[in-house]
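Shown next, in structure tokens, is the structure this report addresses.
Rule-based calculations on the coordinates, nothing more; no lab input. The model shown is predicted, which means the values in this text are computed figures rather than measured ones. Positions of Cβ are generated from backbone atoms using ideal geometry, with glycine treated the same way; all protein chains shown enter the neighbour counts.
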């Protein structure tokens, strides 16, 4: 599989949000005392 690493763009936001939620879930699963299950998705401005 070939892929390219590049900075995220605002058009990537819809694809990044599920990834953020998955990562937050993994963190919470491993250390629930430190991490909450919900993830905050980026806004266009913060991305």
Condition check: in contact with a helix residue (DSSP H, G or I) (Cβ under 7 Å, 6 or more places away or on another chain) and touching a residue at least 12 places away in the same chain (Cβ under 8 Å). Does residue 38 satisfy that? yes
Considering only residues of segment 10-36 that are in a loop (DSSP other than H, G, I, E, B) and surrounded by fewer than 10 Cβ atoms within 10 Å (Cβ to Cβ), which is farthest from the chain's Cα centre (by Cα)? 33
